[in-house]
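Peer 1: Following this message is one structure expressed as C-alpha cells.
The values are calculated or read from the model by the stated rules, or taken from the named source; none is laboratory data. Predicted model, so just to flag it, every value in this text is computed and none were measured. All Cβ positions, even for glycine, are placed from backbone atoms using ideal geometry, and neighbour counts span all protein chains on display. With ligands, DNA and RNA removed, areas are computed over all heavy atoms of the protein, side chains included. Shrake-Rupley method; radii C 1.70, N 1.55, O 1.52, S 1.80 Å.
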Amino acid sequence: QVQLVESGGGLVQPGGSLRLSCAASGSIYAIAAMAWYRQAPGKERELVARISSGVRINYADSVKGRFTISRDNANNTVYLQMNSLKPEDTAVYYCNADISPYSFGKASSYWGQGTQVTVSL
C-alpha cells in the first residue's frame, strides 16, 4: 500500500507564509510527477503546482511568484513553500503523486488526506 501524508497547514495572517510537506511511504518503486492541488468551499479542486521527475515545474497563474514547489527524491517528499498568502488562498490543500509500486506495470495516481490552510486576520 502507498500512503501520502501531508503536514504544515494552519491559520496564517494575510502576507504570511506556510510550508506544506507531503511524504510518500509504502511500496514504492518509482515516483513520477508530484503535485499540490487545492479545493476551496463551493469550488472545484484545482492544480496549484506540479513538479515532474525531471524537475519540470508548472504553477497556476494565481500563485506564480508567491509559491515554490520542490521535492526530495531521497525521502519521497514534496514541499510547497507559500509566501505572501492571501485570503483567497484559503482551501484544503491536497498532495498528489504518480507512483509505481513495482518495477512492472503503470503508475497510479495517489492522493493525500488534505491539510487545511486558512488565511485570515
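Peer 1: State, in angstrom, two size descriptors of the chain derived from its alpha carbons: Rg to one decimal place and Dmax to the nearest whole number.
Peer 2: 14.2, 50
Peer 1: Would you kindly give the portion of the calculated P(r) for the range 1-41 that falls above 11 Å, as a percent of all Cα pairs?
Peer 2: Cα-Cα pairs of the range 1-41 separated by over 11 Å account for 76 percent.
Peer 1: Compute the length gained on full extension between residue 104 and residue 19: take 0.36 nm times their separation in residues and subtract their Cα-Cα distance, giving the result in nm to one decimal.
Peer 2: Working: separation 85, 0.36 × 85 = 30.60 nm, distance 3.41 nm.
Extra length available between residue 104 and residue 19 comes to 27.2 nm.
Peer 1: Skip the ligands, DNA and RNA, and give the accessible area per residue of the range 11-121 with a 1.4 Å probe, whole Å².
Peer 2: Per residue, the range 11-121 has 54 Å² of solvent-accessible surface.
Peer 1: For residue 64, which lysines qualify as cross-link partners when the Cα separation must be under 23 Å and same-chain residues fewer than eight apart are set aside?
Peer 2: Within the straight-line cut-off, residue 64 pairs with 43, 86.
Peer 1: Say a site is exposed when it is one of the chymotrypsin sites (Phe, Trp or Tyr not before Pro), sits in a DSSP loop, and has at most 14 other Cβ atoms within 10 Å; what is then the longest site-free stretch of the chain?
Peer 2: Counting only loop sites that pass the neighbour cut-off, the longest clear stretch is 30-101.
Peer 1: Under the rule that an exposed site lies in a DSSP loop and has at most 13 other Cβ atoms within 10 Å, name the longest stretch of the chain with no trypsin sites (Lys or Arg not before Pro) of that kind, not counting the sites themselves. Provide the component values of the computation, followed by the final result.
Peer 2: Details: sites that count: 43, 56, 64, 106.
That would be 1-42.
Peer 1: In whole angstrom, how far apart do the alpha carbon centroids of the range 84-119 and the range 4-77 sit?
Peer 2: When both Cα centres are located, 6 Å separates them.
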